[in-house]
Amino acid sequence: MTIRIGAHAICWSNDDMPELGGDIPLDTCLSEASQIGIEGMEMGNKFPKEANALKQTLGKYNLDLTSWWFSGALLLRSAKEEFAAIRPQLDLLKAMGCDVVVYAETANTIQGRRDIGVAHRPIMEKSQWQIYFDKLNELAKLTLDYGIKLSFHHHMGTIVQSEEDIDRLMHSTDKEVYLLLDTGHATWGGADPIRLAKNYAERVAHIHTKDVREDVLKKANAENWPFLDGVLQGVFTVPGDGSVDYVEFFKPFQNYSGWIVIEAEQDPVKANPFEYVTKGYKHLITSLNQAGIKK
């Protein structure tokens, strides 16, 4: 597999806030994605969850499945218990030809809460980190033995949000733990996505691309907005419409093989999904070429 460009259904219909784009039919989402040139879609809440039905649904538009988010609870479970919980998802991913699962720790996340700002997200005691990482190493080996790379998603509102958190994760886990590098979450979390790319490109198994509106970000940080308030107010947008330098971001990925997914959750009433994903797709193509990566 070489580099392929996908999109997340969340650009059309939001998973965390189903009222955003809830009226947009799945066929509209898939048809528009295909027209834009998107090659694959990340699983959304309107997709069939059975392999044959999903293949038929995506196949109508010549689309593949890129991956699927799993809401992890490794903080509360053993690695074997977590593997048992994730196994049905791995089965579907394998049936769809995917080799990556998007994994985020959500046992104590505040990402869906509207009453707590992201500055007050959960912080683990230092003594608990290695216990967690040991379990994560074991889980990642189990999924890899099953044929799927565990790609850890740093995410606003979770225990892995900041640059320090991401560095700790990468330095304290084995090579079987891969990173999902998300430009939007990195930027909002105070990290430099270009630095992360330079440091960890060899362990990145999946890439989510969203841009960040700097003016909205400054206000979100100053007022300590909850994650979903940031989404509603437009902190995220598509590549090329914000502050992330995608040419420099892509330069360390000369040897990358996998999906680059446009995942810019916005209010579709304010940001027409077809227009914005088209803009993001064109910007990714241009940025990859300027970075010396043919696409």
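The values are calculated or read from the model by the stated rules, or taken from the named source; none is laboratory data. Keep in mind it's a predicted model, so treat the numbers as computed, not measured. Reconstructed Cβ throughout: ideal geometry from the backbone, glycine too, with neighbour counts over all protein chains shown. Ligands, DNA and RNA are excluded from the accessible area calculation, which covers all protein heavy atoms including side chains. Shrake-Rupley method; radii C 1.70, N 1.55, O 1.52, S 1.80 Å.
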Some residue of segment 181-189 being in a strand (DSSP E or B) and under 24 Å from GLN266 (Cα atoms): yes
Pair list, Cβ < 8 Å and 6+ apart or interchain, from segment 79-91 residues that are touching a residue at least 60 places away in the same chain (Cβ under 8 Å) and on the phi < 0 side of the Ramachandran plot to residues that are of a type in the set (A, V, I, L, M, F, W, C) and surrounded by 13 or more Cβ atoms within 10 Å (Cβ to Cβ): ALA79/LEU136; ALA79/LEU139; ALA79/LEU142; LYS80/LEU142; PHE83/LEU139; PHE83/LEU142
Flag for ALA51 being surrounded by fewer than 17 Cβ atoms within 10 Å (Cβ to Cβ), within 22 Å of ALA205 (Cβ to Cβ) and touching a residue at least 40 places away in the same chain (Cβ under 8 Å): yes
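Would you be able to say whether some residue in segment 205-216 is part of a helix (DSSP H, G or I), closer than 17 Å to ALA119 by Cβ and open to solvent by less than 10 Å² (accessible area, probe 1.4 Å)?
Keep residues of segment 205-216 that are part of a helix (DSSP H, G or I), which gives 214-216.
Imposing the further condition that a residue be closer than 17 Å to ALA119 by Cβ reduces the set to 216.
Going one step further and asking which of them are open to solvent by less than 10 Å² (accessible area, probe 1.4 Å), we end up with none.
No - not one qualifying residue is present in segment 205-216.
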Residue list for segment 169-186, filter: surrounded by 24 or more Cβ atoms within 10 Å (Cβ to Cβ), over 13 Å from ALA140 (Cα atoms) and free of Cβ contacts under 8 Å to residues at least 60 places away in the same chain: LEU181, HIS185, ALA186
Any hit, segment 109-131, residues being buried (at least 19 other Cβ atoms within 10 Å of the Cβ), assigned to a helix (DSSP H, G or I) and in contact with a Ser or Thr (Cβ under 9 Å, 6 or more places away or on another chain): no
Residue in segment 63-82 that is over 21 Å from ILE166 (Cβ atoms), open to solvent by 30 Å² or more (accessible area, probe 1.4 Å), in a helix (DSSP H, G or I) and out of contact with any Leu (no Cβ under 6 Å at 6 or more places or on another chain) present: yes
Selection status of TYR246, of a type in the set (Phe, Trp, Tyr) and under 27 Å from VAL269 (Cβ atoms): yes
Residues satisfying the stated conditions in segment 77-118, i.e. among the aromatic types (Phe, Trp, Tyr) and within 30 Å of VAL231 (Cα to Cα): TYR103
Residue, farthest from LYS295 (Cα to Cα), within segment 254-270, restricted to residues that are out of contact with any helix residue (DSSP H, G or I) (no Cβ under 9 Å at 6 or more places or on another chain) and buried (at least 17 other Cβ atoms within 10 Å of the Cβ): VAL261
Failed criterion for GLY40 (all others in (1) on the phi < 0 side of the Ramachandran plot; (2) open to solvent by 20 Å² or more (accessible area, probe 1.4 Å) hold): (2)
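Between ILE10, ILE38, ILE5, which is among the hydrophobic types (A, V, I, L, M, F, W, C) and in a loop (DSSP other than H, G, I, E, B)?
ILE38
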Segment 132-152, residues that are in contact with a helix residue (DSSP H, G or I) (Cβ under 8 Å, 6 or more places away or on another chain), under 23 Å from LEU65 (Cα atoms) and either among the basic types (Lys, Arg) or open to solvent by 20 Å² or more (accessible area, probe 1.4 Å) (or both): LEU142, TYR146, GLY147, LYS149
Count - residues of segment 271-295 that are open to solvent by less than 20 Å² (accessible area, probe 1.4 Å) and either closer than 12 Å to ILE38 by Cα or assigned to a helix (DSSP H, G or I) (or both): 6
Unique match (being of a type in the set (Lys, Arg), within 23 Å of LEU63 (Cβ to Cβ) and at pLDDT 95 or above) among LYS251, LYS210, LYS294, LYS219: LYS210
